[in-house]
Amino acid sequence: MKVGIVGLGLIGGSLGLDLRSRGIEVIGVSRRHRTCEVALVRGVVDRASVDLAVLEATDIIFICTPLTAIAPTIEQLLPYLSPKTILTDVGSVKQSIVRSCSRLRSNFVGGHPMAGTAEKGIEAAQSGLFVNAPYVLTPIETTPPEAVQAVEEAARAIGCIVYYCSPEVHDRAVALISHLPLLVSAGLIETCLGEADSTVLQLAQQLASSGFRDTSRVGGGNPELGVAIARHNRPQVLQTLSQYRQTLDRLIDAIQGENWQELEEILQSAQQARPNFLKGS
Ligand code: NAP
């Protein structure tokens, strides 16, 4: 199998490292010459170019660009593709991407490997990033089954656990467990920065340790990715944020009204439910 990757950043680069380590030939395309050079030196790809034409003879192409560039990249790729070439993307949002990309190309499978770090770019690529991570595939009625099977095989080859759902259900689920935590975590850091007393703020920064590290991790990541997620998954993100605001109000009401029973019930429910969200980790 010959695999193409467009967008040699954290996800595209990590994918290249893992596919190559399984003996699969990988041809990469990125926007900048320097990124292509680093990708070659780091062993992310067998060949790299800024020209999409090099992907002409590939069997599967993974589009790993930022969300806004996924559909435009597919449009630019079309003249170079054989009818058999399968296209898939790794975007963190699926409904808008699958809608626009499936219109451009029937042989397209929406996908989302659910692994990442706070870093970005080719320097951040790392091998083994996807081992035991969920890889969600979101085929629609018109997606050819053989294309879905080929992407599933590639996802399994890099050690992922494959899940299937509709693009809509994907976006609602990741809004809850990925996009909401990102924004809440960023909001937490922002709230601390709002402390007007510099002595208190300085001491807080000195005292912050594992609890703050855990809860602030996803909010301290790549800002461009956070904005792209909010733009592309806007209705679901807004809905989960307003649900969260209601929960905050329940917490405020309980504490303001000294309703310790209510507060304890909320905390007990959270304590009991948490393991259900972490079964795979
Ligand atoms: P990233 O590290 O910034 O990498 C994206 C790369 O795409 C950049 O390094 C850039 O390479 C290249 N690029 C930008 N525009 C391009 C274009 N028009 N044509 C070709 N290459 C282009 O971002 P990432 O975190 O890997 O995210 C990539 C995709 O993965 C996004 O769609 C995101 O939603 C998804 N995703 C991210 C995560 C995560 O946690 N980070 C997890 C799962 C999925 P140059 O250096 O050449 O400019």
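Along the charge dipole of the chain, Cβ charges K/R +1 and D/E -1, which of 267, 255, 129 sits furthest on the positive end?
129
When you count, for each residue, the other Cβ atoms within 10 Å and take the mean per peptide, how do 189-199, 117-127 rank with the highest first?
Details: 189-199: 10.2, 117-127: 17.2.
Averaged packing, sorted descending, gives the order 117-127, 189-199.
Out of 117, 174, 150, whose Cα points farthest toward the positive end of the dipole of the chain (charges: +1 Lys, Arg; -1 Asp, Glu; placed on Cβ)?
150
To the nearest 0.05, how large is the calculated FRET efficiency for residue 247 and residue 51 if R₀ is 45 Å and r is the Cβ-Cβ distance?
Working: r = 50 Å, r/R0 = 1.11.
After rounding, the FRET efficiency stands at 0.35.
Cα convex hull of the chain: mean projected area in nm², to one decimal? Can you show the working numbers first?
Details: hull surface 67.1 nm².
Here the figure is 16.8 nm², rounded to one decimal.
Given a 1.4 angstrom probe, I'd like the percentage of the accessible area of the chain that is carbon and sulfur, rounded to a whole number. Let's see the in-between values first.
Values: 8360 of 15590 Å².
C and S fraction of accessible area: 54 percent.
Over the residues of the stretch 84-234, compute the C-alpha Rg and express it relative to 2.2 N^0.38 Å. Don't skip to the end; give the middle numbers.
Values: Rg = 18.5 Å, N = 151, 2.2 N^0.38 = 14.8 Å.
This ratio for the stretch 84-234 stands at 1.25.
Hey, got the dipole for the stretch 223-268? About the Cα centre, +1 on K and R Cβ, -1 on D and E Cβ, debye to the nearest 20?
Values: 4 positive and 7 negative charges, 95 e Å.
Charge dipole, the stretch 223-268, about its Cα centre: 460 debye, nearest 20.
With only alpha-carbon pairs counted, each pair once and no self-pairs, how large is the Kirkwood hydrodynamic radius of the stretch 179-244 in angstroms? Please report the intermediate quantities before stating the final value.
Working: mean 1/r = 0.0769 Å⁻¹.
Mean inverse Cα-Cα distance, inverted, gives 13.0 Å.
Can you grab the distance from the C-alpha centre of the stretch 94-173 to the C-alpha centre of the stretch 30-79, Å, no decimals?
Cα centroid to Cα centroid, the span is 17 Å.
Where only protein heavy atoms count, and the probe is 1.4 Å, what is the accessible area per residue for the chain in Å²?
Working: 15590 Å² over 281 residues.
Each residue of the chain exposes 55 Å² on average to a 1.4 Å probe.
Could you estimate the translational diffusion coefficient of the stretch 153-266 from the Stokes-Einstein equation, with Rh from the Kirkwood formula over C-alpha pairs, at 10 °C and 1.306 mPa s, in whole µm²/s?
Values: Rh = 16.9 Å.
My calculation gives 94 µm²/s for D.
For a bin width of 10 Å, list the pair-distance distribution of the stretch 134-177 built from all Cα-Cα distances, rounded to whole %.
So the P(r) values, bin by bin, are 27, 51, 22, 0.
What nm value, rounded to one decimal, do you get for the distance between residue 76 and residue 204 when each label is placed 7 Å out toward the C-beta?
Placing both labels 7 Å along Cα→Cβ, they lie 4.3 nm apart.
Could you work out how far helix 223-232 tilts from the main Cα principal axis of the chain, as a 0 to 90 degree angle to the nearest 10?
80 degrees
Let's see if you can work this out: charge +1 on each Lys and Arg Cβ, -1 on each Asp and Glu Cβ, no other charges. What is the dipole magnitude of the chain about its Cα centre, in debye to the nearest 20? Present the calculation step by step, with values, prior to reporting the outcome.
Details: 24 positive and 28 negative charges, 154 e Å.
Once rounded to the nearest 20, the dipole reads 740 debye.
DSSP beta bridges in the chain, what fraction antiparallel, as a percent rounded to 5? Before the final figure, lay out each step's value.
Numbers: 3 of 25 bridges.
So the antiparallel bridges amount to about 10 percent of the total.
Quick check for me: using +1 on Lys/Arg Cβ and -1 on Asp/Glu Cβ, what's the dipole size of the stretch 83-197 about its Cα centre, in debye to the nearest 20?
Dipole of the stretch 83-197, to the nearest 20 debye: 540 debye.
If you line up the long axis of helix 234-256 against the longest principal axis of the chain, both from Cα atoms, how many degrees apart are they, to the nearest 10?
Relative to the chain, helix 234-256 is tipped by roughly 20 degrees.
The values are calculated or read from the model by the stated rules, or taken from the named source; none is laboratory data. Nothing here was measured: the structure is a model prediction, and the numbers come from that model. All Cβ positions, glycine included, derive from the backbone under ideal geometry; neighbour counts span all protein chains shown. Heavy atoms of the whole protein, side chains included, go into the accessibility calculation; ligands, DNA and RNA do not. Shrake-Rupley method; radii C 1.70, N 1.55, O 1.52, S 1.80 Å.
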